[in-house]
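To start, the structure under review is shown below, and the notes come after it.
The numbers here are math on the coordinates, done by the rules we state, and not lab data. Note that this is a predicted model, so its numbers are computed, not measured. Using ideal geometry, Cβ is built from the backbone for each residue, glycine included, and neighbour counts are taken over all protein chains shown.
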Amino acid sequence: MTEAMRQPKIIAIYGSPRRKGNTATLLKKAVNGATDAGALVEEIVLRDLKISPCLEIYGCNKAGECMLKDDFQSARDQILSAQGLILASPVFFYTVSAHTKILMDRFQSLWVKKYWIEKNSRNQQTFSRKGLFIAAGATKGKKLFDGILLSLRYFFEVIDMELWKALLYRGLDFEGDVLKHPQYLDEAYQAGKEFAEALSPAP
C-alpha cells in the first residue's frame, strides 16, 4: 500500500457565519491535529458557497439527483469522496446554523435515492465512514445540544457515517471566548489527531 493510499481524506466544514468565531477556531485546531497525524484535509467554508435551500420540488424522485444546480453538487461530491468529515457549527435556536442546515437539507436528494429509489433498509445499515462534530453554544442549559445531535445523527446516517465523537462546549458566545479556555483548544487538536488515526488503515 502506497503512502497516498494510507493517507485518509477528511473534509472539514466551517458552518459558522463568522470566519473567526469559536467553532471556526476549534475546527482549525482539529484540522491541525488531523494533518499532523497524516490526514489529507480539504476545507469548505459554507458562507462562501452559493447553496439554495431545498425547494421541495422532488425532482430527485427519478434518479436521486437534486434538480437545483449550484455549489451544493461540488460540496456533496467532496463529502461523499472522503473517509471522514469534521463538521463545526454554532448552536442557533437549539440546532445548527442556517448555513449548515441548508447543506443538510439539500442531502434530501440522497435520502430519496437511498430509501425510496434503491429501497435500502435503515435497520440493516452499516457505516463505512466516520464523522467528528464540534459545536459551541452561548447558554449552559442541560438540553442545549439535544436537538442538534438528533438532526446530526440522521444527517450522518444519510451520508453513510457514524458519529465518532462530538465536542460540545457551553458558555461560548462572543468571538474569541474560546481563547479563554485553552483546554478546549487542546481537546479539539487531540480529537482531530485521534480522528485521523481512527480513519487510517491498519499497517
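Expressed as a rounded percentage, what relative contact order does the range 13-55 have, with Cα pairs under 8 Å and six or more residues apart? Numbers along the way, then the final one.
Values: 26 pairs, mean separation 21.2, N = 43.
Relative contact order, the range 13-55: 49 percent.
A simple spin-label model places pseudo-atoms 7 Å from Cα toward Cβ; at residue 70 and residue 36 they are separated by 3.7 nm.
With the convex hull drawn around the C-alpha atoms of the range 89-155, the volume per residue stands at 101 Å³. Take every Cα pair under 8 Å whose residues are at least 6 apart in sequence, average their separation, divide by the length of the range 5-95, and the relative contact order is 46 percent. Straight-line cross-link partners of residue 140 among the aspartates and glutamates, defined as a Cα under 20 Å from its Cα and at least 8 positions apart when in the same chain: 173, 175, 177, 187. Only DSSP H runs of four or more residues enter the estimate; each adds -39500 (n - 2.57), and after division by the residues of the chain the mean residue ellipticity at 222 nm equals -10500 deg cm²/dmol.
Let me know the shape class of the range 1-57, please: from the alpha-carbon gyration tensor, a ≥ b ≥ c as square roots of the eigenvalues, rounded when a/c is under 1.5, otherwise prolate if a/b is greater than b/c, or oblate.
On the way: a/c = 3.98, a/b = 1.53, b/c = 2.59.
Here the range 1-57 falls in the oblate category.
A cut-off of 5 Å between modelled amide H atoms, ignoring neighbours fewer than 5 places along the same chain, links residue 129 with 162. Exposure proxy shown here: for 67, 161, the number of other Cβ atoms within 10 Å sets the order, fewest to most, as 67, 161. Cα-based values for the range 133-203, radius of gyration first and Dmax second, are 14.2, 44 Å.
Between the alpha-carbon centres of the range 37-76 and the range 159-203 there is a gap of 24 Å.
In this structure, the amide hydrogen of residue 13, modeled 1.01 Å from its nitrogen in the peptide plane, lies closer than 5 angstrom to those of 44, 86, 87, 88, counting only residues at least 5 positions away or on a different chain.
Compute for the range 47-115: radius of gyration divided by Kirkwood radius, i.e. Rg/Rh, restricted to C-alpha atoms, rounded to two decimals. Reported Rg/Rh (Cα atoms, Kirkwood Rh): 0.96.
Compactness of the range 75-194, taken as the C-alpha radius of gyration over 2.2 N^0.38 Å, stands at 1.14. Legend: calculated FRET efficiency, residue 146 to residue 6, from the Cβ-Cβ distance at R0 = 35 Å, rounded to 0.05, equals 0.40.
Note on the chain: Cα Rg divided by 2.2 N^0.38 Å, N the number of residues, gives 1.02.
Check each of the trypsin sites (Lys or Arg not before Pro) in the range 50-154 and keep only those in coil by DSSP with at most 13 other C-beta atoms within 10 angstrom; list them in order.
On the way: sites: 50, 62, 69, 76, 101, 106, 113, 114, 119, 122, 129, 130, 140, 142, 143, 153; in loops: 50, 62, 69, 119, 140, 142, 143.
Within the range 50-154, the qualifying trypsin sites (Lys or Arg not before Pro) (loop, at most 13 other Cβ atoms within 10 Å) are 50, 62, 69, 119, 140, 142, 143.
Determine, for the range 54-138, the count of lysine pairs separated by eight or more sequence positions (or lying on different chains) whose alpha-carbon distance falls under 19 Å. Walk me through the numbers before you get to the answer.
Details: 62/113; 62/114; 62/119; 69/101; 69/113; 114/130.
The result is 6.
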